[in-house]
Every structure is written in structure tokens, then in C-alpha cells.
1. Using only alpha carbons, build the gyration tensor for region 202-322 and give me the equivalent ellipsoid semi-axes, biggest first, whole Å.
2. Using amide H atoms built in the peptide plane, which far-off residues or other-chain residues are under 5 Å from residue 62 H to H?
3. Calculate, axis by axis, the spread of Cα positions in region 45-102 along the three principal axes, and write the results as whole Å, longest axis first.
4. Would you mind ranking 63, 246 so that the residue whose beta carbon has the fewest other beta carbons within 10 Å leads the list?
5. Take 119, 290 and order them by how many other Cβ atoms sit within 10 Å, fewest up front.
6. Please list, in order along region 77-94, the HN-Hα scalar couplings obtained from phi with the Karplus expression 6.51 cos²θ - 1.76 cosθ + 1.60 (θ = phi - 60°), rounded to whole Hz, x for Gly and Pro.
7. Which entries of 72/212; 48/132; 271/321; 143/271; 48/332 show an alpha-carbon separation above 26 angstrom in the structure shown?
8. Of 51, 79, 62, whose Cα points farthest to the positive end of the dipole of region 51-160 (charges on the beta-carbon: +1 Lys, Arg; -1 Asp, Glu; origin at the Cα centre)?
Amino acid sequence: MKFLHCKASTILKKPILDGTRVIKGCSMQNISVYLNQRASHTQFGYWKEQIDKSLFRSTITYRTPRDLDELKSNLQSDIDDECDAIVSVGGDGTVNTLIQSLAGKEVGLLVMPGGTANDLACELGHKQSVKKVTHFIRNNEYKYIDLIKINNNFMATNGGLGMGSKVAERINEIRRAHPSFKKLMKLGGKSIYSFFILSELTSMRLPTYKFKVTSEQFSGIVETPILMINNQPHLAGTFNIAPNTRHDDGKFNVTILKHKTHKSFVQCCYKMAIGEYPFADPDIISFETDAITIENMDPTRIVPFFGDGEIFQNSNGNSQKWDIQLCPRSLKVYTEDDEKSLVSLCNEVNLS
């Protein structure tokens, strides 16, 4: 039996009469799968086989867009057609690209862990098999999470200014210049981020940036090696940067590290890296808010903002001012519904 070879942005929907096998579908649900083949853990054949088995009653469209313009065009078509679900197979960068169009829409997103850090997938608890994760679509189980808007860009997980942006830039530059780097990221997994962070920490000079921060909770001029905006507790899978933060609580976390010495900064980062949090550290400013403005006070230095593992392009050119605000319940995600689970648990307790 033959199999249809799927090229870039191939759509598999209707049966082919010559006996070629395509995706089974009974129009139960219309689902589009966006697969980033440049991500470290994405192999088209593997994911297609697993998703076909799990969602065999659905009409599935596989999309592997060649560039950003094609992705945006495909995604807009899915939104206009009121697609039942979008499945993201890739990393946090793939998710970030998709949410720019899905924010505020009723089309739900299912996040599959096909990248390196997979921060959003991990936060949603999507570490199980493909069958268990796609089960959320089959059962129409979903919830809404907050997004953070930085100027004109949405972010789902963590981001910020300073040293973290240098790490994101280096990884993305190497990935673009050396396609084989994908294999190393696949082997190294989340530890690849730890390696690059460690290489920055071991530099002899501690970089500092000067920012003006304006918010209801805290305002002032700070000098810091890194300023973080957090929508969930962990960064790069292991760094416990904001332990009390949730992506559905109507707030986001701001963490500013003010360490003056290389040693104290490394000690703080090490504790976070092993899952601890240095609550007694006097050089940490941490607070929850729903809006903040940050401005770079050093005119000789261009500082990029990074979010969801990507460097954000500012629509205002090289503007060094960031207006950041929370967009509550802006993204529909297929995942375990905490409220439904709590109700089910209570019912089980009452029945027993």
C-alpha cells in the first residue's frame, strides 16, 4: 500500500481514489497540525503516525510552512474556517509564532512537546504520550490562559531583558548557521540551555544594564544583569525563577536581579537552576503586576527583548522602551481543566 508523501504545506483531507492511504476522517473535528521540522524533536513521519492513530476520526490537515508568510496565511485560513483545533508540534518558538494570530480567538491550541525546552508544554503537563495529550481535543477539554503583550508581541511563558537575551540570540544564530546543531539540541535536551547560560555566567565580567521601571508596585532606576517577565514558574525547564506565578491568575511576575558581584549572582542562579529559590537573597526584587513600562537608560547600548525563546522584533524600529501588559484569558488551550478535575474529584469523594 502506498503512502502519500507530504511536502511543504501539503493538505491531506479528501480520500484519494487510487488507493493511496490518507488520513481517516469522519468530519468529527477539523484539526490543523503545524509541524516545525527545524525544531529539535520533530520528525514528520513519527508525529504524523502517532497523531493519525490518536485522532483517527478527525479530518486532519498537516502544515509544514516554508516561511513565516506562508504560516500566517495558512493560520488565517484555519481561523476563518473556524477550525476546531490547532496542534503545535515544535518548541516554544513555534507556539509563540502561532499565538500572535490565535490570541483572543476561539480556536483552541494543543501544544505538543517537539522542541528543546518545551516550557509551555511542561507547564500544561503535556509530558505524556501523544495519545494522552490529544485526548484533550477528543474530549473537548480546555481552559483559557493569560498572555503577556510586549509592545506588539504576545508571549506565553517567560522573557525579559539582559543576559537572557544574549543566550537566546546565540542559540538562534547557531541554529540558523549550522542546521546540524538541531541534532545536538535533540541529544542535549533542556541541558543545552543550561550549557549556554553557564558559559555566560563563567565570563569574567558581570554584564549590567540600566533600566527605568515604572509600575504600580515598583518604580525606579535599576542596574541589573537580567530583568525577567514571567508568566509561569520555570524557565528553560529547570530554572525556578518565579515559584508562585501562574499563567491563569490575572497577573505576571517581574523579577530583577541586582547582584553586584559575579559570585553572588552565580550562587543565586545556581539555586534557581537546581529547582530551589533563594527567598532570603536581598538582591532580588520580585513582584506581581498586570502592567509595567521598562526603558533602557543607556543610549549607547541596544538591548533586545526575548520571549518564549525568541528575540522579539520591535515594530518601532530600535525603540528601547517596552510597554508590557497582561491580556487575561486570551489563549484557549486544550489541556486538563483544573476546575473540571476538582469537581470530578469532589464527586468521587461524595460517592465514596
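Bear in mind that the values in this text are calculations on the coordinates, not laboratory data. What you are looking at is a predicted structure, and each value in this text was computed from that prediction instead of being measured. Glycine also receives a Cβ, built like all others from the backbone with ideal geometry; neighbour counts cover every protein chain displayed.
1. Working: eigenvalues 94, 72, 42 Å².
Semi-axes (√(5λ), whole Å): 22, 19, 15.
2. Hits under the 5 Å cutoff: 12, 33.
3. 29, 24, 18
4. Numbers: 63 21, 246 17.
With the sparsest Cβ surroundings first, the list reads 246, 63.
5. Values: 119 29, 290 17.
So the ranking, lowest neighbour count to highest, is 290, 119.
6. Going residue by residue, I get 5, 5, 5, 4, 7, 6, 4, 5, 7, 10, 10, 9, 10, x, x, 5, x, 5 Hz, with x marking Gly and Pro.
7. Working: 72/212 35 Å; 48/132 15 Å; 271/321 31 Å; 143/271 32 Å; 48/332 23 Å.
Cα-Cα > 26 Å for 72/212; 271/321; 143/271; rest within.
8. Of 51, 79, 62, it is 51.
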